[in-house]
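S.K.: Got a structure for you, questions after.
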Amino acid sequence: MLGEKIKEIRQANRITQVELAQALNVTKQSVSNWENDNIQPSVELLKQIAIYFHCSVDHLLELDTGRKILDVSHLTTEQTAHIQQIVDDLSKCKKK
């Protein structure tokens, strides 16, 4: 569940609920409610949580089972497109 995942990642990063709340500009109670599955963060907040913890929204929602995530955030759009082309080419080779 999303709340458990947020709590797990927060604790793994040794961040308190107060610190996370401050970073996201929400109340500590909001973070507590998310972690206890009383409420769900908005889509925008879910995106901010993923950015804060340097993970994907898929990871937070536990939709990335077994998939590898490659961080290309530090690359240019052109470099990212080149890497995507390499991945596509390798996928085609695997299918042959």
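S.K.: Residue under question is GLN11, and the condition is that it be of a type in the set (S, T, N, Q), modelled with pLDDT of 95 or more, out of contact with any Pro (no Cβ under 7 Å at 6 or more places or on another chain) and more than 21 Å from ASP71 (Cβ to Cβ); does it hold? So that I can check it myself, show each step before the final result.
M.R.: Details: of a type in the set (S, T, N, Q): yes; modelled with pLDDT of 95 or more: no; out of contact with any Pro (no Cβ under 7 Å at 6 or more places or on another chain): yes; more than 21 Å from ASP71 (Cβ to Cβ): yes.
For GLN11, the condition - of a type in the set (S, T, N, Q), modelled with pLDDT of 95 or more, out of contact with any Pro (no Cβ under 7 Å at 6 or more places or on another chain) and more than 21 Å from ASP71 (Cβ to Cβ) - is not met.
S.K.: Something else: Need pairs with beta-carbon distance below 9 Å; first residue closer than 19 Å to ILE39 by Cβ and within region 1-20, second among the aromatic types (Phe, Trp, Tyr) and part of a helix (DSSP H, G or I); sequence gap 6+ or separate chains.
M.R.: Listed by first residue and then by second, the contacts come to LEU2/TRP34; GLY3/TRP34; ILE6/TRP34; LYS7/TRP34; LEU20/TYR52.
S.K.: State the number of residues belonging to region 5-25 that are of a type in the set (Val, Ile, Thr) and surrounded by fewer than 18 Cβ atoms within 10 Å (Cβ to Cβ). Lay out the reasoning, then the answer.
M.R.: Kept after step one, since they are of a type in the set (Val, Ile, Thr), are these residues of region 5-25: 6, 9, 15-16, 18.
Now drop any that are not surrounded by fewer than 18 Cβ atoms within 10 Å (Cβ to Cβ), which leaves 15-16, 18.
Count: 3.
The values are calculated or read from the model by the stated rules, or taken from the named source; none is laboratory data. Because the structure is predicted, anything quoted here is derived from the model rather than measured. Glycine also receives a Cβ, built like all others from the backbone with ideal geometry; neighbour counts cover every protein chain displayed.
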